[in-house]
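**Q** The structure's right below; bear with me while I get my questions together.
The values are calculated or read from the model by the stated rules, or taken from the named source; none is laboratory data. All values reported here derive from a predicted model rather than from experimental measurement. Backbone-built Cβ (ideal geometry, glycine too); neighbour counts: all protein chains shown.
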Amino acid sequence: MILIHCPYCDEKRAELEFAYAGQAHIARPADPSALSDEEWEHYLFIRANPRGRHHERWRHIHGCGRFFNAVRDTVTDKFETTYKAGEPRK
Amino acid sequence: MTGYRLPMGGRVNRQTQLAFRFDGATYAGFEGDTLASALLANGVQLFGRSFKYHRPRGLLGAGSEEPNALISVTRGPGRFTPNLRATSIDLYDGLEASSQNRWPSLKFDLGAINDRLGMFFPAGFYNKTFMWPRSFWEKLYEPAIRRMAGLGHPPTEEDPDHYAATYAHCDVLIIGAGPAGIDAALEAASGNGRVILIDEQDELGGGALSDPALWPWLDRSVKALAASPNVTVLTRTTAFGYFHDNFIGAVERLTDHLADVPHGPREKLWRIRAGEVILAQGAIERPLVFDGNDTPGVMLASAARVFALRFGVAVGRSIALMASHDSGWHDIFALAKTGVGIAAIVDVRDAVSPDLLAQAEALGIPVHLGHSVIGVRGRLGVKAISIARNGGTGVADLACDALLMAGGWTLTVHLWSHSKGTLAWRDDLGAYVPDQPNENVRCVGACAGAWSFGDGAVIDILPTPKDPTRAKAFVDFQNDVTAKDIKLAVREGFRSIEHIKRYTTNGMATDQGKTSNLNGLQIASTALNRPVADIGLTTFRPPYTPQTFGALAGHAKGPLFQPTRKTNIDSWAEENGAVFELVAQWRRARYFPKAGEDMHAAVNRECRMVRSSVGIFDASTLGKIEVVGPDAAEFLNRMYTNPWKALEPGRCRYGLLLKEDGFITDDGVSARLAADRFHLTTTTGGAARVLNMMEDYLQTEWPDLNVWLTSTTEQYAVIALQGPNARKVLEPLVEGIDLSAEAFPHMAVREGTICGIPTRLFRVSFTGELGFEINVPSAYGRALWERIMAEGARFDITPYGTEAMHVLRAEKGFIIVGQDTDGTVTPQDAGLDWAIGKKKPDFVGKRSLARPDIVAPGRKHLVGLLTEDPNVVLEEGAQIVADPNQPVPMTMIGHVTSSYWSEALGRSIAMALVVDGQNRMGQSLFIPMPGQTHVAKVSSMVFYDAEGARLNV
Ligand SMILES: [Zn+2]
């Protein structure tokens, strides 16, 4: 069971306190109606599937409840870093 | 044969004799014996039958690596455990054990015919033979194979034991308490950190237990560890898996070694998080591969040493050794000094150190260098061996009753590999050794390759003059894989060791190849003509040894398998005979049968009473979210499909929630209590999902909005009062709220008190009748329920359950998200266009409602269905077709989502998702069922009181 550092609690806690929440840094368009079908399709469905570094969101759902971002290596399952929502991509 | 207990020596307590039974016969052993050592002491060599060929098998090892001696133990009803290794079963008085995979008896087994037919069972036999016809597999092939080739029988009764679990944290965790592990523990103990030392055996010591010279050191060390307050020692505990971030799973066996089953847990699961892990798991001796190497009486040299020096048992009276490694010589010397007769030392090497030869000579042991065993005589036990020079000349027979194998050592790197540490091949050891760690872990002692067992030659198969296609030289004893099978796999084109493993099943038995992996690898290496290091190694996976399901499940079984959520009113329902169902972990009253009523009678009565007088329903499980803050209305306006900003305080609104893909995910009636405060309701099952989704948008998309979300599902008990007499029941109980139709219209909310309890009173209806939902603090739920029941008695107030609730809502065409929708239904598909705020520029899911596939014709619509025969209640999930005469496979155009007997209408009703349903009104569709095809007409979903006259009263 992985230990995950919550950037809000600033503590490493057991994986079972957290919930995965998909790829990170996919902002909802400010005006979805201005997007073409292709652009909207891309926003909705197209996701990265890298072998290696993956930017993803987690929620400390059984802790502080906050969503945050993480960089995890999909090969080793190791977390490189975690950081608060809204901070620039690492 | 009887009487193999040595006159002295060993760690067994000869003062305490224990009686036990094996296959119905009674034997005696000593305290400190294992079942294996006690049976050996009684002259038993035959322990089981092999997996595939039913060959007679004896002990190969003395520890948890044992592949052959799998035993069933019974301790009374429900306490039957198959597939235990005899070498790991601690003896106790009254132990009842039996052998496996034989019929009718261990000595005479009809399944052994497989052995005679062995040439018909090559590698991949099952894959090749039972491929066709496919339909034969399930009914004929698999059951037959399972009967013939197998392990012990699974237990048939419920397990009466319980199992504990705990978390533990430590600075240093040492796994394995041989000399290296004990040294590491003593060193760690001298610091201030918390130390845990675990070992799978009943006492600490590992290899030192069979080395009497180390016993004084062992005794001192064990006492020192016991005296260290920062050290926890766990024996009879197997570290079965090494998981991320130094998280180790271990099972402690608490009662299986005791004569009487005490109260308390049978096993305890330890989940240990360690700062540093030290692996001291030692090494396992490697068998040698030659014809007949699985005959009972052929075993590892190290095992014979353990039986003699730890348990005081000789494995034979005239013992021969087949060695390719020095360590076997030392074992033989140790045995000779206990007074056991030694027949000969045979070593495949042409030369060994003069020191070994000198010791052999001093002990009077004949030595045959450059020789190999080419055959073993005796079927149920060794009677003699044939040896020959490596060139095949000089064949001679040697009488002996046991043959030891010393093929070198395989380091126990299982847990290291679980932790994703890398391995490096060392030619000098002929073994993989730990290389780069992936966690904060290190290996010490033999499993690190830092232990000298002496010199040895690494060979795959002993030289033999025999036709190799006739030889039965076993590599994997538990899965009956021979050297021939591995060579065949290579000949048939397999190159990857992972593929060879799966094709031959080498290393895939319950012992995970502890004694077979490296020999299999060597044979494949030779056959492929590539070095071992290029071939790699198969993957080790938890568990290190088989563990019980009980230990892994712990307390999570029966009623504790998952939490059961109960409302404050649940106890009243139970006392009043409710039949319950589980809804999203909530236990909900499904109906309240009276004497003599079946479900349909009860539900019909409950429905009748709601429509004619008044019903009472526990709606506490509804999800509730308090939305507070200056931007609360703006937030809800963005989340839900309909407009919220203009909703006045005191009013309610039906809210429809989509996911961003445009599909319905939840719905519920919500109320605005103040400009900055909303009381949301969600479906019972959707509460957590909706709150998570809302938090997601609030935290990450719109952090600028000043809104707070709080789950209040469990803060309120909710009593729904529904029916034409609902107001009359409520009026005498409520203070501070005008209940009149004018002052308190449908879809309004008021705050006041009821029976003195503060309440949020909703005027809402999920039945189509005049209705109220009374929210009070949870703790008052049952008390208020009983006051309302008393007040309603004059109207024959009737408690109703979820089943009647479903019927009543279906009569009105109200959908249940997740039953009438399935994650692919849009508001238009569900006939809920009216709930979309057409003027809103944006809400979650809005853009998707204009996606090409969403606006394309031919989508499935939710519609009503009325069967031609009003007495036919369709099955939910039944498929619908347009043409009943089309040959199979028919074109299915939809399915029934909800279907009930409607007491109010005196006929059946149904809802269905049907392709283009909204344009098929009045059309007849067909529902083919076994034996009969039903006919039904597409209709509106609102079957009852379409104009809503009963609501607005
Ligand atoms: Zn946190």
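**Q** Take the residues of the stretch A:44-65 that are small (Gly, Ala, Ser) and within 16 Å of the ligand (Cβ to nearest atom): which is nearest to the other protein chains (Cβ to nearest Cβ)?
**A** A:65
**Q** Is it the case, given these coordinates, that residue B:856 is more than 14 Å from every other protein chain (Cβ to nearest Cβ) and among the small types (Gly, Ala, Ser)?
**A** Spelling it out, it is not the case that residue B:856 is more than 14 Å from every other protein chain (Cβ to nearest Cβ) and among the small types (Gly, Ala, Ser).
**Q** Residue A:35 is checked against (1) within 16 Å of the ligand (Cβ to nearest atom); (2) surrounded by 14 or more Cβ atoms within 10 Å (Cβ to Cβ) and fails just one. What number does that condition carry?
**A** Failing condition for residue A:35: (1).
**Q** Please give the number of the condition residue B:544 fails out of (1) in a loop (DSSP other than H, G, I, E, B); (2) modelled with pLDDT under 95.
**A** Only one criterion is unmet by residue B:544, namely (2).
Here's the yes/no breakdown for (1) of a type outside the set (Val, Ile, Thr); (2) surrounded by fewer than 23 Cβ atoms within 10 Å (Cβ to Cβ):
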| position | (1), (2) |
| --- | --- |
| B:610 | no, no |
| B:627 | no, no |
| B:632 | yes, no |
| B:647 | yes, yes |
| B:653 | yes, yes |
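**Q** Mind listing just one residue for me: the one in the stretch A:1-28 that is within 18 Å of residue A:87 (Cβ to Cβ), without any contact (Cβ under 8 Å) to a residue 40 or more places away in the chain and more than 15 Å from the ligand (Cβ to nearest atom) and, of those, farthest from the chain's Cα centre (by Cα)?
**A** Selected residue: A:28.
**Q** Can I ask one more? Conditions: (1) within 16 Å of the ligand (Cβ to nearest atom); (2) free of Cβ contacts under 8 Å to residues at least 60 places away in the same chain; (3) assigned to a strand (DSSP E or B). Residue A:68 meets all but one. Number of the miss?
**A** Of (1) within 16 Å of the ligand (Cβ to nearest atom); (2) free of Cβ contacts under 8 Å to residues at least 60 places away in the same chain; (3) assigned to a strand (DSSP E or B), only one is false for residue A:68: (2).
**Q** In the list B:323, B:301, B:402, B:384, which residue meets the criterion of being surrounded by 24 or more Cβ atoms within 10 Å (Cβ to Cβ), modelled with pLDDT of 95 or more and farther than 24 Å from residue B:455 by Cβ?
**A** Selected residue: B:402, the only one of B:323, B:301, B:402, B:384 that is surrounded by 24 or more Cβ atoms within 10 Å (Cβ to Cβ), modelled with pLDDT of 95 or more and farther than 24 Å from residue B:455 by Cβ.
**Q** Filter the stretch A:51-65 for residues that are surrounded by 12 or more Cβ atoms within 10 Å (Cβ to Cβ) and part of a loop (DSSP other than H, G, I, E, B) and give the result.
**A** A:60, A:61, A:62, A:63, A:64, A:65
**Q** Which one of these is within 14 Å of chain A (Cβ to nearest Cβ) and either part of a strand (DSSP E or B) or within 40 Å of the chain's Cα centre (by Cα) (or both): B:899, B:848?
**A** When all the criteria are applied, what remains is B:848.
**Q** Residues to consider are A:70, A:85; find the one that is touching a Phe, Trp or Tyr at 6+ places or on another chain (Cβ under 6 Å) and more than 13 Å from chain B (Cβ to nearest Cβ).
**A** Matching residue, one of A:70, A:85: A:70.
**Q** Further question on the same structure: Scan the stretch B:432-468 for residues that are acidic (Asp, Glu), surrounded by fewer than 17 Cβ atoms within 10 Å (Cβ to Cβ) and in contact (Cβ under 8 Å) with a residue 40 or more places away in the chain and jot them down.
**A** B:455
Here's the yes/no breakdown for (1) modelled with pLDDT under 95; (2) over 30 Å from residue B:265 (Cα atoms):
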site: B:503; (1), (2): yes, yes
site: B:512; (1), (2): yes, no
site: B:549; (1), (2): yes, no
site: B:563; (1), (2): yes, no
site: B:571; (1), (2): no, yes
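**Q** For the stretch A:19-38, what are the residues that are within 9 Å of chain B (Cβ to nearest Cβ) and acidic (Asp, Glu)?
**A** Selection gives A:31, A:37.
**Q** Of the conditions (1) among the acidic types (Asp, Glu); (2) free of Cβ contacts under 8 Å to residues at least 60 places away in the same chain; (3) assigned to a strand (DSSP E or B), residue B:171 clears all except one; give me its number.
**A** Of everything listed in (1) among the acidic types (Asp, Glu); (2) free of Cβ contacts under 8 Å to residues at least 60 places away in the same chain; (3) assigned to a strand (DSSP E or B), residue B:171 misses just condition (2).
**Q** Determine which member of the set A:80, A:41 is of a type in the set (Asp, Glu), farther than 28 Å from residue B:709 by Cβ, within 11 Å of another protein chain (Cβ to nearest Cβ) and touching a Lys or Arg at 6+ places or on another chain (Cβ under 9 Å).
**A** Every option except A:41 fails the conditions.
**Q** Looking only at residues in the stretch B:563-577 that are buried (at least 21 other Cβ atoms within 10 Å of the Cβ) and not β-branched (Val, Ile, Thr), which one is farthest from residue B:621 (Cα to Cα)?
**A** Restricting to residues being buried (at least 21 other Cβ atoms within 10 Å of the Cβ) and not β-branched (Val, Ile, Thr), the top hit is B:573.
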